[in-house]
Amino acid sequence: MSPLHTPSKEHPILVLGSLGQIGTDLVETLRNRYGAEAVISSDKKPLRPEYGRYIQLDALDAAGLEAVIEREGVEQFYHLVALLSATAEKFPDRGWDLNMRSLFIALELAKNGKLKRLFWPSSIAAFGPNSPKTDCPQYTVMDPSTVYGISKLSGELWCDYYHRQYGVDVRSVRYPGLISWKAEPGGGTTDYAVEIFHEALKTNHYTCFLGPDTRLPMMYMDDAIDSTIRIMEAPSEQVRIRTSYNLSAIAFTPAELAAEIARQRPGFAIDYRPDFRQQIADGWPSSISDEAARRDWGHKPRFGMAEMVTDMLEHLRPRYRSGI
Ligand code: AKB
């Protein structure tokens with residue numbers, strides 16, 4: 001296969017799921033890096049002028065996706081479409097169908113030479129109740145107990161299979177909970193760590209759907225985007241793991257996050273009403289080891305919890321009058 005072109009108007013990157021939490025930040029960063037026309041964003045919603053170069057696409061429309069890739073000269077594809085953990089528990093069939101079928105469509109396109117490089121995200125949800133709780137290693141027991149987690153672990157194994165059998169250049173990371181201000185997450189178990197900021201600025205109070213001591217691995221979006229682009233730009237031989245890399249930055253509990261917010265925003269209070277998402281969170285590790293990602297392609301998160309809280313509050317404050 002001929003080498004990759006630098007992303008350009010003629011060979012744009014395609015980001016599917018571009019209006020979601022990761023896609024919103026990723027498209028902006030990629031456009032700053034390569035130019036506005038070098039990135040096609042795409043999602044289910046009809047075009048709006050502020051989306052820039054955009055194509056409306058359904059992740060399950062294989063023919064539509066193939067037509068866009070061929071017509072536009074796409075070589076690199078970020079596939080960011082999934083039903084997250086909490087939503088997939090409510091709609092197991094839909095979660096399995098969307099998460100798996102959309103991945104197979106992308107893998108087949110790559111296998112048939114229509115794509116040169118593919119990014120597909122996995123998650124800490126690929127681990128399960130019998131995985132080590134702290135510093136969960138890259139290779140260990142994996143027994144996910146959610147539909148989302150099962151789809152991620154299965155997807156990882158299929159990525160590895162397509163790489164070994166067909167030479168597909170697929171790259172993946174296991175994201176922890178992601179915290180960002182530009183777009184909100186939807187349907188995840190770690191969503192509390194974003195909701196809490198909006199509620200802090202609106203009412204100075206938050207009722208958390210996880211208990212105070214539920215420690216989970218988390219990461220600020222700036223670090224997640226940096227590592228996503230890093231793994232996609234790494235020379236092929238440096239990407240030695242083709243299932244998915246553990247990715248980590250910080251780990252905290254709702255009580256610890258609330259204490260830091262209260263330190264920076266006096267008067268903030270939290271209470272707890274755990275719901276069905278508590279059981280999901282209890283099946284995940286509380287911290288993971290990302291040695292392999294650091295060693296192989298230079299994953300290097302910058303944000304600790306205090307810097308992340310400062311940055312979130314600063315960026316969200318203008319949205320809420322009472323928070324000024
Ligand atoms: C979720 O909570 O489902 C996601 C994830 C950890 O993959 N944020």
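Throughout, read-outs are computed from the coordinates displayed, never taken from laboratory work. On a predicted model such as this, the values are computed, not experimentally measured, just so you know. Note that each Cβ is placed from the backbone with ideal geometry, even for glycine, and that neighbours are counted across all protein chains shown.
Amide H to amide H distances under 5 Å link S131 with D143, where only residues 5 or more positions off or on other chains count and H is placed in the peptide plane.
Compute the separation of the alpha-carbon centres of the range 189-222 and the range 125-170 and state it in Å as a whole number. A separation of 26 Å, based on Cα centres. For K90 and V141, the FRET efficiency from 1/(1 + (r/R0)^6), where r spans their Cβ atoms and R0 equals 25 Å, is about 0.40. Sites listed here are trypsin sites (Lys or Arg not before Pro) in the range 176-233 whose DSSP assignment is loop and whose Cβ has at most 12 other Cβ atoms within 10 Å: K182. For the chain, the relative contact order works out to 18 percent when only alpha carbon pairs closer than 8 Å and six or more residues apart are counted. Scoring 247-257, 119-129, 276-286 by mean Cβ neighbours within 10 Å over their residues and listing the highest first yields 119-129, 247-257, 276-286.
Using a ≥ b ≥ c from the Cα gyration tensor of the range 256-324 (square roots of the eigenvalues), is it rounded, prolate or oblate, where a/c under 1.5 gives rounded and otherwise the larger of a/b and b/c decides, a/b for prolate? In terms of gyration-tensor shape, oblate.
Ellipsoid semi-axes for the chain, based on the Cα gyration tensor and the rule √(5λ), read 32, 23, 18 Å when sorted largest first.
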